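Trainee: Please read through the structure below; I'll follow up with questions.
The values are calculated or read from the model by the stated rules, or taken from the named source; none is laboratory data. Everything quoted here is computed from the prediction, not taken from an experiment. Here Cβ is always computed from backbone atoms with ideal geometry, including for glycine, and neighbour counts include all displayed protein chains.
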Amino acid sequence: MTASMFGIWAIKAIILIIILLTGFAYATYYERKAIARIQVRIGPNRAGPWGLLQPMADGLKLIFKEEFIPAKADKVLFTLAPIITVIPAFLIAAVIPWGGEVPFFGRTAHLYLADINVATLYIVAVGSLAVYGIVLAGWSSNNKYSLLGGLRSAAQMISYELALGLALVGPILIAGSMSLVKIVEAQKSVWFIVYQPLAFVIFLIAAFAEINRSPFDLPEAEQELTGGYHTEYSGMRFALFFMAEYIKVVAMSAIIAALFLGGYYGPGVAAHPWLGPVYMFIKILVLVFFAIWTRATLPRLRYDRLMAFGWKVLFPLALLNVFLTAVAIVVLGG
């Protein structure tokens with residue numbers, strides 16, 4: 001690896017981190033505004049024009065908020081847990097193609113950090129690491145409610161990870177590759193949601209469960225667990241859990257767009273490659289709004305029904321989709 005290649009990767013990584021941090025900040029603003037509209041309220045409108053500086057105000061509040069560590073907590077793990085939770089959220093974004101080849105100062109640049117031939121496997125593997133941070137947060141807090149939240153998160157991840165992984169198999173079989181870049185390129189003419197509507201629905205539901213989004217936010221159910229795994233957290237430690245959730249919402253929306261909605265492809269991209277990131281942004285915006293709309297509409301599931309839905313409905317349907325896709329490919333000759 002040459003010094004110039006390392007420099008390019010470093011610059012791309014820094015830009016990607018800045019984009020994700022900005023996306024996290026304004027995903028919270030977007031959610032508060034959208035839910036306010038749904039509930040016939042105004043939402044944030046005091047900090048800056050149209051409330052656009054509200055994320056900055058929230059960040060400053062959390063920075064200066066006093067942090068407490070329970071007297072009998074495991075202080076090392078209590079401090080490390082939020083970091084372990086947030087790092088995988090950033091790592092997932094490394095293999096997401098935000099655009100194709102674009103002209104850049106007389107050269108061509110790729111708008112992704114890495115194109116690896118096992119990107120989908122990488123996403124599943126890295127995405128599942130965040131649960132360790134949540135379990136450690138629940139255990140290290142020395143709080144029964146926090147421990148129950150951590151155990152719920154682990155059980156939920158195991159249940160829905162299987163369906164999520166099997167939903168990936170359909171696009172992989174059709175594209176003939178596990179690389180997200182190759183999967184997006186295979187959708188130049190037809191989006192995979194046309195061929196894989198069942199896999200799209202399964203992946204969408206399982207993704208919500210993976211990132212603990214409503215109505216699958218049982219690990220932090222306020223009515224039952226007073227906040228769950230982050231009950232004892234405050235200040236910037238709490239902000240890291242908050243950051244991990246919203247960065248995952250943005251990253252999962254980008255992954256769904258890449259797998260099923262054509263990624264950065266759209267009208268005019270061949271002639272104007274810089275339109276690719278614009279189309280990707282629009283698709284992510286729509287998917288994030290769907291996540292917000294779901295939170296504002298559906299009630300939280302009962303925990304036994306949540307687990308039953310994962311094992312008895314999503315998992316068999318995901319297996320059926322893999323079988324039907326494989327049969328269709330063999331019958332139609334690939």
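Trainee: Which condition number does Val331 fail, the rest of (1) surrounded by 14 or more Cβ atoms within 10 Å (Cβ to Cβ); (2) hydrophobic (A, V, I, L, M, F, W, C); (3) more than 22 Å from the chain's Cα centre (by Cα) being met?
Mentor: (1)
Residue by residue, here is whether (1) surrounded by fewer than 20 Cβ atoms within 10 Å (Cβ to Cβ); (2) of a type outside the set (Val, Ile, Thr); (3) outside any helix (DSSP H, G or I) holds:
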position: Ala258; (1), (2), (3): no, yes, no
position: Tyr264; (1), (2), (3): no, yes, yes
position: Ile292; (1), (2), (3): no, no, no
position: Arg295; (1), (2), (3): yes, yes, no
position: Arg300; (1), (2), (3): yes, yes, yes
position: Phe309; (1), (2), (3): yes, yes, no
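Trainee: Out of all the residues in the stretch 240-264, which are at pLDDT 85 or above, farther than 23 Å from Ile87 by Cβ and not hydrophobic (A, V, I, L, M, F, W, C)?
Mentor: Those that are at pLDDT 85 or above, farther than 23 Å from Ile87 by Cβ and not hydrophobic (A, V, I, L, M, F, W, C): Gly262, Tyr264.
Trainee: Here is a list: Phe208, Phe203. Which entry is at pLDDT 80 or above, surrounded by fewer than 24 Cβ atoms within 10 Å (Cβ to Cβ) and part of a helix (DSSP H, G or I)? Spell out how you get there, then give the answer.
Mentor: Numbers: Phe203 fails: surrounded by fewer than 24 Cβ atoms within 10 Å (Cβ to Cβ).
After applying the criteria, what remains is Phe208.
Trainee: Residues in the stretch 121-135: is at least one part of a helix (DSSP H, G or I), within 23 Å of Ile8 (Cα to Cα) and in contact with a helix residue (DSSP H, G or I) (Cβ under 8 Å, 6 or more places away or on another chain)?
Mentor: The first filter runs over the stretch 121-135 and keeps only residues part of a helix (DSSP H, G or I), leaving 121-127, 130-135.
Restricting the remaining residues to those that are within 23 Å of Ile8 (Cα to Cα) gives 122-123.
When the remaining residues are screened for being in contact with a helix residue (DSSP H, G or I) (Cβ under 8 Å, 6 or more places away or on another chain), the result is 122-123.
Yes, the conditions are met somewhere in the stretch 121-135.
Trainee: In this structure, does Glu31 turn out to be in contact (Cβ under 8 Å) with a residue 60 or more places away in the chain and within 20 Å of Ala291 (Cβ to Cβ)? Steps first, answer last, please.
Mentor: Numbers: in contact (Cβ under 8 Å) with a residue 60 or more places away in the chain: yes; within 20 Å of Ala291 (Cβ to Cβ): yes.
Yes: the conditions hold for Glu31.
Trainee: Only one of Arg237, Arg213 is outside any helix (DSSP H, G or I) and closer than 20 Å to Ile87 by Cα. Can you tell me which? Lay out the reasoning, then the answer.
Mentor: Numbers: Arg237 fails: outside any helix (DSSP H, G or I).
Testing whether each residue is outside any helix (DSSP H, G or I) and closer than 20 Å to Ile87 by Cα leaves just Arg213.
Trainee: On to the next question. Among the residues of the stretch 73-82, are any charged (D, E, K, R), buried (at least 16 other Cβ atoms within 10 Å of the Cβ) and not in a helix (DSSP H, G or I)? If you could, list the steps in order and put the result at the bottom.
Mentor: Let us first name the residues in the stretch 73-82 that are charged (D, E, K, R), namely 74-75.
Those still in the list that are buried (at least 16 other Cβ atoms within 10 Å of the Cβ) too: 74.
Still in the running and not in a helix (DSSP H, G or I): 74.
There is at least one residue in the stretch 73-82 that is charged (D, E, K, R), buried (at least 16 other Cβ atoms within 10 Å of the Cβ) and not in a helix (DSSP H, G or I).
Trainee: Does the stretch 293-312 include one or more residues that are at pLDDT 90 or above and within 30 Å of Leu111 (Cα to Cα)?
Mentor: Yes, the stretch 293-312 has at least one match.
Trainee: Could you list all residues from the stretch 98-120 that are more than 19 Å from Val250 (Cα to Cα) and aliphatic (A, V, I, L, M)?
Mentor: Result: Val102, Ala109, Ile116, Val118.
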